[in-house]
Each structure stands twice: as C-alpha cells, then as structure tokens.
C-alpha cells in the first residue's frame with residue numbers, strides 16, 4: 001500500500017458484552033457466565049480495518065471524558081490511527097453498546113452518548129482533514145445532518161465518498177446524490193429503495209452507486225444497468241461480527257489505492273473472509289501481512305472456484 005489517506009467519520013463505542021443462559025424477566029436477577037469490554041462502534045471498527053491494511057487513517061469522532069473514552073482513544077492510537085480529531089466531551093459519557101448474548105442470539109441497547117456531539121459545526125472545523133484525504137468513509141451512528149455536512153465538504157473538494165448506510169434509516173435524496181458509493185447489505189438495500197420517493201431514473205442512478213454485501217453469497221454491483229455478482233471467499237466462519245466493517249475499511253483502502261471497483265470488491269471480500277475466521281470485531285480484522293499471505297494461498301485458483 002502506498003499510504004494514501006482515508007478520513008473516517010463515525011461512532012466510537014465501548015461494547016459491554018454479557019453472556020448468559022437465561023434472560024431475566026422484569027424484576028428478576030439471573031447469573032451470567034462471562035463479561036467483556038470490547039472496543040467498538042462502526043466508525044472505529046472501519047478505521048481499525050483500514051489502518052491494519054497499511055492505510056493512513058484519520059478518525060473524526062467523539063468520546064466522553066471518562067475511562068472508556070481514554071481507553072478507546074489509546075486503543076485507536078496504538079492501531080496507528082490519527083486520533084487528533086477525536087473530540088473529548090466533558091458533559092457526556094462515551095458511547096456504549098450493552099450486549100446480552102444467549103443461546104446464539106443477542107439483544108443490544110446502544111447509548112450514543114458523546115457520538116451525538118459530532119455536529120455539523122464540528123465537521124466544519126475538520127474540513128482540512130477531509131480536503132487532504134483520498135477517500136471519506138461515513139456511516140449512520142452519528143447525527144444524520146453531520147454525515148450530510150461531511151459529504152457536502154468532500155463533494156465540494158472533489159474527494160470520493162463511501163456511505164455505509166447502517167443502521168439503516170430514511171435518507172435525503174440530496175445525500176444519496178452526492179455520495180459516490182453506498183454499501184448496504186441486502187436488508188438495508190431493500191429498505192433504502194423502499195424509502196426513496198424518486199423517479200425510475202433517480203433509482204437507477206442510485207443502483208449504480210450500490211455495492212451490496214450479501215455475506216457468504218458475495219457482493220452485488222451494478223454496471224451500465226447490468227448486475228455483476230462477485231463471489232465470496234469460502235471459509236469456515238467462527239464469528240461474523242464486524243465482517244461488514246472489515247469489508248468497508250478494505251473497500252476504502254482498495255479504492256484509495258486506485259483499484260477498479262470490481263477488483264476493490266474482490267479485495268474487500270478477502271479481508272471480510274479472513275475477519276470471520278476469528279472471534280471479535282476488531283480483534284478479527286486482518287493485517288496487511290495476513291492478507292498478503294492469504295492472497296498467496298488463493299493465487300493459483302480462479303476467483304470463480306473460491
């Protein structure tokens with residue numbers, strides 16, 4: 001990788017993960033069997049994914065002035081990410097996701113906390129970081145108006161943008177018109193198109209921007225009105241948590257390095273595949289060396305055979 005620059009604007013959370021065999025009823029106390037605090041947030045996850053691939057990553061986000069915030073910023077710094085633009089919020093806590101795992105399922109409560117302090121004004125103060133990037137990558141775990149402002153600034157300066165529309169919500173048409181790429185999964189794509197009151201021509205233009213992740217079924221893109229299916233890399237999955245974030249960080253890296261969209265998706269598929277062979281979101285994200293070794297292994301095969 002050449003060390004070109006990606007700016008990622010998004011959430012920084014601490015995941016509080018409790019495993020149990022029984023979900024308590026109202027007023028009931030039950031015993032769990034494990035508890036972990038794990039760095040998370042879609043923005044931070046994608047920043048780690050890109051940084052581990054050797055990319056120069058700047059993270060714009062916010063944490064509280066608390067122990068979680070200090071730990072998360074230190075963690076991102078140790079991953080080689082530029083954290084100078086992470087806001088420390090005095091009057092709010094760091095964002096958290098309280099996750100209960102049981103019988104292979106989960107329930108999650110997200111408290112955005114400091115993430116809500118990423119306002120359009122804060123984005124404007126970091127316009128220089130956006131200008132000096134090759135790619136801007138955003139998601140929807142910070143206020144929508146701030147995502148819109150970031151994309152506006154990128155568009156103004158000719159910086160390519162990727163919008164990962166998660167968690168999915170109704171999006172303004174002007175935002176979708178400005179972004180260069182949108183990376184929904186199949187469920188998000190269906191909701192996204194159902195929420196857009198656009199002409200057939202506008203919907204076709206949006207389709208051409210879509211890179212639809214389909215898990216083990218690969219990736220779908222549209223080119224000149226035609227569907228192109230890009231197969232996944234078949235591996236034995238251990239934990240699919242963070243696979244989508246790995247894909248997005250890798251896609252941004254590949255596009256930053258000048259790969260054409262199909263080859264960029266193939267590269268991102270490889271990174272996503274490696275990530276699911278390990279436990280955890282950020283802990284499963286591969287390094288540049290691991291990806292290079294994996295490529296050596298698959299180099300003698302045709303992509304259609306993988």
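The values are calculated or read from the model by the stated rules, or taken from the named source; none is laboratory data. Fair warning: this is a prediction, and the values are worked out from it, not measured in the lab. For neighbour counting, all protein chains shown are included, and Cβ atoms are generated from backbone atoms with ideal geometry for every residue, glycine included.
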Subset of the range 65-107 (residues that are closer than 30 Å to residue 24 by Cα, assigned to a strand (DSSP E or B) and touching a helix residue (DSSP H, G or I) at 6+ places or on another chain (Cβ under 6 Å)): 95
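For residue 234, indicate whether it is closer than 21 Å to residue 275 by Cα and surrounded by fewer than 13 Cβ atoms within 10 Å (Cβ to Cβ).
yes
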Number of the condition not met by residue 89 [criteria: (1) crowded, with 17+ Cβ neighbours inside 10 Å; (2) modelled with pLDDT of 95 or more; (3) under 28 Å from residue 53 (Cα atoms)]: (3)
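For the range 15-31, indicate whether the set of residues that are within 27 Å of residue 253 (Cα to Cα), in contact with a strand residue (DSSP E or B) (Cβ under 6 Å, 6 or more places away or on another chain) and surrounded by 15 or more Cβ atoms within 10 Å (Cβ to Cβ) is non-empty.
Checked the range 15-31: at least one residue is within 27 Å of residue 253 (Cα to Cα), in contact with a strand residue (DSSP E or B) (Cβ under 6 Å, 6 or more places away or on another chain) and surrounded by 15 or more Cβ atoms within 10 Å (Cβ to Cβ).
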Counting only helices (runs of 4 or more DSSP H) entirely within the range 203-306, those with at least 1 residues that are under 26 Å from residue 141 (Cβ atoms) and under 18 Å from the mean Cα position of the chain (by Cα) are 243-256, 261-275
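Picking from 136, 175, 192, which residue would you name as being over 23 Å from residue 39 (Cβ atoms) and either touching a helix residue (DSSP H, G or I) at 6+ places or on another chain (Cβ under 7 Å) or modelled with pLDDT of 95 or more (or both)?
175
What do you reckon, is residue 83 closer than 28 Å to residue 183 by Cα and surrounded by 24 or more Cβ atoms within 10 Å (Cβ to Cβ)?
For residue 83, the condition - closer than 28 Å to residue 183 by Cα and surrounded by 24 or more Cβ atoms within 10 Å (Cβ to Cβ) - is not met.
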Log entry, pairs with first residue in the range 177-197 being more than 15 Å from residue 215 (Cβ to Cβ), second being part of a helix (DSSP H, G or I), beta carbons closer than 6 Å, six or more apart or on different chains, reads 178/151; 178/155; 179/151; 181/209; 182/209
Filtered residues of the range 155-170 (kept if buried (at least 16 other Cβ atoms within 10 Å of the Cβ) and at pLDDT 95 or above): 155, 159, 160, 161, 162, 163, 164, 165
